[in-house]
Amino acid sequence: MSTWPIHPLRGGVHPPQCKTLSNQSPIHSVPLPKQLIVPLLQHLGRSTEALVNVGDYVLKGQLIADSSSPISAAVHAPSSGTVSCIGPQPYPHVSGQLLEAIVIDTDGLETWCPLEPVPDFYAASATKLLDKVRQAGISGLGGAGFPTVIKLTPKAHQPIKTLIINGTECEPYITADDLLMREKTAQLMLGIDILVHILQPEHVLIAIEDNKPEAIAAVRHALDSRRYHVVALPTIYPSGGERQLIQILTGQEVPSAKLPAELGILCQNVGTVVAVHDAIIEGKPLISRITTLTGQALQRPMNVECLIGTPVAHLLELAGIQQAKRGRLIAGGPMMGFTLPSAAAPIIKTSNCILAATDAELPPPPPALPCIRCGDCAEVCPANLLPQQLHFYALGDDHPQLQAHNLFDCIECGACAYVCPSSIPLVQYYRAAKADIREQEQKQIKAEHAKERFEFRQERLRLEDERKEAERAARAERLAKTKAEQAKKATQADAASHKADAADDELKRLKIAASMAQVALRKAQKQLEAHDTEALKVQVEQLRVAADYAKQALELASAAMPAPAPAPSQPAEDELKRVKIAASMAQVALRKAQKQLEAHGTDELKVQVEQLRISAEQAKQALTAATATATTPTVADKPVKTELSAAEQALKKAKIDVAMKRAALRKAERNAADPEALAALQAELTHAEQSLAELN
Ligand code: SF4
Ligand code: SF4
């Protein structure tokens, strides 16, 4: 006997059990139907997507649909055969809506796909076992069908201390778990062992209502040395609700909007535990389940192990349906089940019962009357809610008040409606209100997503505009910089051009001055030939010196001119020729004067020779410079050339100055000038010679 302490359930009702209809015979097998309708959505969460096409041959246990969402469960072929249709098919839902399904025409061979069992699960890691559970597509078989692997993966900071195996099966008529615990006890024990290996809880509680003595005995017998607690609970509806069972076994209430895992507690239905066993020990995915076929409209109520996708009509035929007696056809039990619109709908993973009741057995509900505020509904509510208030707010679509009164804590057990003297279908109002709120929440989420997308787009456009503006500014800056550089270059080119023009003008001026000096010299020479006077001689001499000086200045200016640009090569060659000719002529004139000096030896000839020698040297230097410019016309040479020319110019000027001072002194001596004047001229000559010596 279990010594585990239990706590009384708050509320609850005691409807007729009606379980003996179906629990008196063992679990039956079901002849293979010709067609299996396998919906893509059989669980809570995201639907799966088909992985096969029409015409494909599939093996039993083959994965045929899956989802990338973690809140989903894979779907497998329940038998071997050919996919004949993928599309909307009848579905076990109160609305009678069609749902996407894969239809398999069975071939009767039941050919399995390769299986990968893990019999030595103690040697396997929890991660590997959880992956096997996920691959097997297991979702809760006793309730809403939440994917099992999610429940078996608690957060790291919320370890599971208490594992509860739920075998209460409190709803009337349903005996599937009862028969499972009796006939598959060994699998149930091994399945619990696997969960314990994965979760490492401190306590394991196997809860069974005391209206199932055979199941309690079988489980206790199978415990062996396991330290699991088999807890027999008083029969009361709805003791099997997850939160209610936790409250009975631990005395703790799971807070509203919280999960049992946050209290370190995990509940698993016995059917789900056996499915975990099959997945790990045998490698089989979830493709069948035990379903109760019951109701007084059936000749042979029973429990069957049927393939997922088996049409309800096929099972009703097996159980001997009496169509004439049949009243409501219910999927689930009389308290929480719903009316099946069509027997063509298939069995899915959450189908624990098909109830074919007669009208006498489950008469149609009488017309609802106004609430008399008797408070009976609140008395029996196991979730500690105010059902009449919820009904009132549901009538007014007052969603804020419904949520404030914890509508979503309602487990839709139907206890309130069961006791309501006004026969108000309270649960229907709650389901409709929940659906409305969920729909509005979905709309709200969609609107928020749309808003987020809009704001994201606006932000993206703003950033794009900023980027373009920055690019525009950078382009404008580059353009302004380029323009400034071009303007600077233009200014520099202008300055260079002006400088060249000025040099050109100066050269022209010097050429004119040299020509005029030559003309004046020739004119004076003619006058001297006509009237040979001393004054004319002096004048001719002065004009010759001036002409020479002008010529030298012109030559210096020509030599100092910037080197010609490389492009106009012809003018450079012309200039070179001209300089060569000038140098040759200067040499010829020098040699001629030297011969005359040798013949006559006068001072004037000496001065003339000296001047011609300077001119010849200058011409030679000009030729050297012109040759260098012609052969290496680089800009870098220009400053050197200009600098050399300036030094040479000063030297030449000093030499000419000395020659002129010397000539003036000779002339004064010849004219018998007074001693003071001679002394002054001598001093000037001495000074000029010193300057020349310094420059040399
Ligand atoms: S049991 Fe029915 S009649 Fe009584 S308070 Fe609740 S809803 Fe109203
Ligand atoms: S159906 Fe909801 S409100 Fe009614 S008794 Fe059950 S939990 Fe309470």
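Take region 1-152, compute every pairwise Cα distance, and split them into 5 Å bins from 0; I just need the percent in each bin.
Distribution as computed: 2, 8, 12, 14, 16, 16, 12, 9, 6, 3, 1, 0 percent.
Let me know the volume per residue of the alpha-carbon convex hull for region 376-462, in Å³.
Given the Cα convex hull of region 376-462, per-residue volume reads 87 Å³.
Kirkwood hydrodynamic radius for region 418-466: how many Å is it when counted over pairs of different Cα atoms?
14.1
Please give the per residue accessible area of the chain, computed with a probe of 1.4 Å over protein heavy atoms only, in Å².
Accessible area per residue, the chain: 52 Å².
Counting only DSSP beta bridges with both residues in the chain, tell me the antiparallel percent, nearest 5.
60
Expressed as an acute angle from 0 to 90° and rounded to the nearest 10, what is the orientation of the C-alpha long axis of helix 569-600 relative to the principal long axis of the chain?
Rounded to the nearest ten degrees, it is 20.
Roughly how many debye, to the nearest 20, is the charge dipole of region 376-462 about its Cα centre, given +1 on each Lys and Arg Cβ, -1 on each Asp and Glu Cβ, and no other charges?
Magnitude of the dipole: close to 600 debye.
Can you list the trypsin sites (Lys or Arg not before Pro) in region 87-167 that are in a DSSP coil and have 11 or fewer other beta carbons within 10 angstrom?
Passing both the DSSP loop test and the Cβ count: Lys155.
Mind putting together the pair-distance distribution for region 505-561? All Cα pairs, 10 Å bins, whole percent per bin, short to long.
Per 10 Å bin, starting at zero, the Cα-Cα P(r) for region 505-561 comes out as 27, 41, 23, 8, 0 percent.
Across region 89-100, in residue order, what do the Karplus-derived ³J(HN,Hα) couplings come to in whole Hz, using 6.51 cos²θ - 1.76 cosθ + 1.60 with θ = phi - 60° and x for Gly and Pro?
With the stated coefficients, region 89-100 comes to 9, x, 9, x, 9, 4, 6, x, 5, 8, 9, 4 Hz.
Using +1 at the Cβ of each Lys and Arg and -1 at the Cβ of each Asp and Glu in region 88-170, identify which of Tyr91, Ala123, Leu109 lies farthest towards the dipole's positive end.
In region 88-170, that residue is Ala123.
Which aspartates and glutamates have a Cα lying under 14 Å from the Cα of Lys151, excluding residues fewer than 8 positions away in the same chain?
Straight-line reach from Lys151, under 14 Å: Asp131, Glu242, Glu262.
For Lys595, list the lysines whose Cα falls under 17 Å from its own Cα; do not include residues on the same chain fewer than 8 positions away.
Partners found: Lys606.
How much mean residue ellipticity at 222 nm does the chain get from its helices, if each DSSP H run of length 4 or more adds -39500 (n - 2.57) and you divide by all residues, to the nearest 500 deg cm²/dmol?
Mean residue ellipticity at 222 nm (helix-derived): -17000 deg cm²/dmol.
Are any of the pairs Lys489/Lys511; Lys212/Lys258; Lys511/Lys577; Lys349/Lys446 more than 27 Å apart by Cα-Cα distance, and if so, which?
Listed pairs above 27 Å: Lys489/Lys511; Lys212/Lys258; Lys349/Lys446.
Work out from phi, with θ = phi - 60° and the Karplus expression 6.51 cos²θ - 1.76 cosθ + 1.60, the ³J(HN,Hα) of each residue of region 125-132, listed in order in whole Hz, and give x for Gly and Pro.
Going residue by residue, I get 6, 4, 4, 5, 5, 5, 5, 5 Hz, with x marking Gly and Pro.
From the gyration tensor of the Cα coordinates in region 27-358, what semi-axes in whole Å does the equivalent ellipsoid have, largest first, with each one equal to sqrt(5λ)?
They are 30, 24, 18 Å, listed from largest to smallest.
Based on a Kirkwood Rh over C-alpha pairs, give the Stokes-Einstein translational diffusion coefficient of region 424-556 at 20 °C and viscosity 1.002 mPa s in µm²/s.
87
Note the angle between two axes, namely the Cα long axis of helix 426-530 and the longest principal axis of the Cα atoms of the chain, as a number of degrees from 0 to 90, rounded to the nearest 10.
That works out to roughly 10 degrees.
In units of 2.2 N^0.38 Å, what is the alpha-carbon radius of gyration of the chain?
Here the Cα radius of gyration is 2.27 times the empirical estimate.
Applying the Karplus parametrisation 6.51 cos²θ - 1.76 cosθ + 1.60 with θ = phi - 60° to the phi angles of region 292-304, what ³J(HN,Hα) value in whole Hz is obtained for each residue in order, glycine and proline being reported as x?
Result, rounded to whole Hz: 8, 10, 8, x, 6, 7, 9, 6, 10, x, 6, 10, 10.
If amide hydrogens are placed 1.01 Å from N in the peptide plane, which non-local residues have theirs closer than 5 Å to the one on Ile64?
When sequence neighbours closer than 5 places are left aside, the close amide H contacts are Val75, His76, Ala77.
Antiparallel versus total DSSP beta bridges in region 7-128: what percent is that, nearest 5?
Of the beta bridges lying entirely in region 7-128, close to 95 percent run antiparallel.
What list of whole percents do you get for P(r) of region 255-379, with Cα-Cα distances grouped in 5 Å bins up to the one holding the largest distance?
Histogram of Cα-Cα distances, whole percents per bin: 2, 9, 16, 16, 13, 13, 11, 11, 6, 2, 1, 0.
Listed here are the pairs Lys523/Lys661; Lys592/Lys620; Lys132/Lys155; Lys34/Lys184; Lys551/Lys653; Lys19/Lys284; which of them are more than 22 Å apart at the Cα?
Exceeds cut-off: Lys523/Lys661; Lys34/Lys184; Lys19/Lys284.
Amide H to amide H, which residues 5 or more places from Ile102 or on other chains are under 5 Å from it, using H placed in the peptide plane?
Val38, Leu40
Cα axis of helix 603-631 to longest principal axis of the chain: angle in degrees, 0 to 90, nearest 10?
Roughly 20 degrees between the two axes.
Using a probe of 1.4 angstrom, how much of the accessible area of region 431-531 is carbon and sulfur, in percent?
55
The values are calculated or read from the model by the stated rules, or taken from the named source; none is laboratory data. Worth saying up front: this structure is predicted, and the values here are computed from it rather than measured. Ideal geometry is used to build each Cβ from the backbone, glycine not excepted, and the neighbour counts take in all protein chains shown. All accessible areas refer to the heavy atoms of the entire protein, side chains included, with ligands and DNA or RNA removed. Shrake-Rupley method; radii C 1.70, N 1.55, O 1.52, S 1.80 Å.
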